[in-house]
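Q: There's a structure below that I have some questions on.
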Amino acid sequence: MSSFPSDRDTADILLRTTDGVEFYAHKVILSHSSSFFRTMFTLPQSSGPSCPTDNSDIPTVDVPEDSQTLDALLHICYPIVKDKSRPFEQIEPALRAALKYEMVLPVDVLTQELHAAASTMPLRVWAVACRTGLEQVARPAAKLLLRENILDVSGSLPFLEGVSAADYFRLRHFYRNCGGDSSFNLLLPSAEPPCANKETEPNIPGHGAFCRSVPYSDVTCRSSDGVDLPSHRCVLAMASPVLRERLASTTHDTPAEGVPPLPVLEFRENSAVLVRLLDVCCYLQESLAPSTPSELVPLITSAHEYGMEQGLSMLTARWEAAAKLYPLDAYFSATRAGWEGRARQAAKRVLDGGSLQDKYDHTMEHSSLLAYHRLLKYYDRVDAAVNGELQKIKADWKASQNEIRRQNKLRFEAPATLARPRSMTFDPFMPVRVQAMLRAAEGGDGLSVDATTETPSTPISFQPTRQDGQQWSLSPLISSISSMDGPRKKAAAVNDIASEYLKWRSTESTIPYTSSKEASNVLIFARAIPKRLEDVINRVELEV
């Protein structure tokens, strides 16, 4: 029995909670407090959710809340002494119930309690606002997070369960813009991003699906939402060994007069998924397969469950193509489906697109904050690893350049009897013209070199003035690459080092010995850097 102070003698409705506690209440107070109950009490007793108990004439209504939640709501609704304080953990379940039952006063009271709690725990209040859909609570809490410079949620993940990745994305956007846009909605997207994947219209009976255009159907495939799709037993049996066994025990609908009965095969998939499953996996119409990862997930899951090997092979190939086009969609879809391997592959493809801070996909609305948080941390770890490797490369480059200068100095200080080095190893991808010029600089192919260009006082020729007036040097280039957004972009940017240097060098009439060594050095580093950075990226693992 509940401790709620209600008069059993005057009560005319009994509310029973999930933990078996009974609350004697009054219809008039519940009707004034809740439009939900007011509507329910106007319905005939037989069609409403309430029913009389065995030992009382008072109708009983079973509610899906526990006694603690219902007790909080009734204390707010009834004209009795209120609790002075309420534990924070009890606010959200009571608020959810108040919103469901359309209780204006409890919603207002509990909302004010959230506002009061935001001063000491803004992140938890923001999370409650996200789960309950209260923009008027989320915005003040977000402003407090901005004021206190709190954005890292690593230490609060247990309290953020149920918050979507899209909610966290919008909070980060709000944070970056310092809360300046008053029209920005923290809980709902203000507009569909132009790059978001659009859900295509499903094929339903009468909309031209392939399997419906073939005559002589002899079985009915019934979806979970009650849509009947005519099909063919032999096609289903050939496509799936699981369906072959089920066809042997199918039931028949009651036939209409003059119409032979068709066996009915029940499916757990809804009509949108079932139509595509039949078209692609049974009738092998690959062109009808969806083109986005989020749409492919239920088809791949069902095809695997039914053992549709040929259809599964087509869908897997389609997934690979779609994952390259929509890596963010693929990551969140694979994470929700529990596909760890595909999630890791998609996360690596996300690295190709530069910074994550402005990347949005519609699947984030239904994905967890935790999945987004792990992707952000993975991105940061990879970026830090790439930056660290770039610094090592810069140090290696300086050391190699110093060695070239040292060898060049020894070359001119050596006795006349010491043979001057003449051989060079050329990169096979080096332009023929550049190779010829470097050989000429070494005195090969019967060509001579002006010794006056190779004095030790000659400036390092790897740092000439380019046509744009800037000094060409690898060290500042690596520094500029380190500031780029995206680990993959950094790895790709270094491929331009050799081409730019050789393009500049191809305009020179002679290349001195030091310059030729620098050219080889540039090529060695330019070819090695992408592999070094790729190895660093592959060593960082995504937490799933």
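The values are calculated or read from the model by the stated rules, or taken from the named source; none is laboratory data. In this text, all values refer to a predicted model and were calculated from it rather than measured experimentally. Every residue, glycine among them, receives a Cβ derived from its backbone with ideal geometry; neighbour counts consider all protein chains shown. These accessible areas exclude ligands, DNA and RNA; they are computed on the full protein's heavy atoms, side chains included. Shrake-Rupley method; radii C 1.70, N 1.55, O 1.52, S 1.80 Å.
Q: Which sequence of T18, T292 reflects their accessible areas, 1.4 Å probe, from the largest down?
A: The residues order as T18, T292, largest area first.
Q: Could you compute the FRET efficiency for S119 and E365, with r as their C-beta to C-beta distance and R0 at 22 Å, rounded to 0.05?
A: The computed FRET efficiency comes out at 0.15.
Q: Please give me the summed charge of the neighbours of C281: other residues whose Cβ is under 12 Å from its Cβ, Lys and Arg +1, Asp and Glu -1. Before the final figure, lay out each step's value.
A: Values: positive: R276, R318; negative: E269, D279, E286, E305, E309.
Spelling it out: positives minus negatives among the neighbours equals -3.
Q: Another question about this same structure. With label points built 7 Å along Cα→Cβ from the Cα atoms of K489 and K377, find their separation and express it in nm.
A: With each label point 7 Å from Cα toward Cβ, the separation is 2.5 nm.
Q: While we're looking at this one, here's another question. For E286 and V227, FRET efficiency with R0 = 22 Å and r from the beta-carbon atoms, rounded to 0.05?
A: 0.45
Q: Taking amide H atoms as placed 1.01 Å from N in the peptide plane, list the residues 5 or more away in sequence, or in a different chain, whose amide H sits under 5 Å from that of I13.
A: The answer is A25, K27.
Q: Identify, among C282, G311, Y331, the residue whose Cα sits farthest towards the positive end of the charge dipole of the range 276-410, taking +1 on the Cβ of Lys and Arg and -1 on the Cβ of Asp and Glu, with the dipole about the Cα centre.
A: Y331
Q: Right, something else. Counting other Cβ atoms within 10 Å, keep those with at most 15, restrict to DSSP loop, and tell me which chymotrypsin sites (Phe, Trp or Tyr not before Pro) in the range 296-384 are left. All intermediate terms of the calculation are to be shown ahead of the outcome.
A: Values: sites: Y306, W319, Y331, F332, W339, Y360, Y372, Y378, Y379; in loops: Y306, W339, Y360.
Qualifying residues, ordered by number: none.
Q: Arranged from highest to lowest average of other beta-carbon atoms within 10 Å per residue, in what order do the peptides 395-401, 168-174 appear?
A: 168-174, 395-401
Q: Counting only the backbone N, which residues of the range 162-176 are under 14 Å from the spot 7 Å out from the Cα of L188 toward its beta-carbon?
A: Under cut-off, by backbone N: nothing.
Q: For the range 324-368, with every protein chain kept in place, what is the accessible area per residue (1.4 Å probe, Å²)?
A: With the other protein chains kept in place, the range 324-368 gives 43 Å² per residue.
Q: So how exposed is R246, as accessible area in Å² (1.4 Å probe, rounded to 10)?
A: Here the accessible area works out near 70 Å².
Q: Pulled fully out, how much extra length does the chain show between Q391 and K531, if you take 0.36 nm times their separation in residues and subtract their Cα-Cα distance?
A: 48.9 nm
Q: Continuing with this model, one more query. If you build the Cα gyration tensor of the range 320-359 and take the root of 5 times each eigenvalue, what three semi-axes come out, in whole angstrom, biggest first?
A: Working from the Cα gyration tensor, I get semi-axes of 16, 10, 8 Å.
Q: Now a separate question. Could you compute the FRET efficiency for A11 and D83, with r as their C-beta to C-beta distance and R0 at 22 Å, rounded to 0.05? Walk me through the numbers on the way to the answer.
A: Details: r = 22 Å, r/R0 = 0.98.
That gives a FRET efficiency of 0.55.
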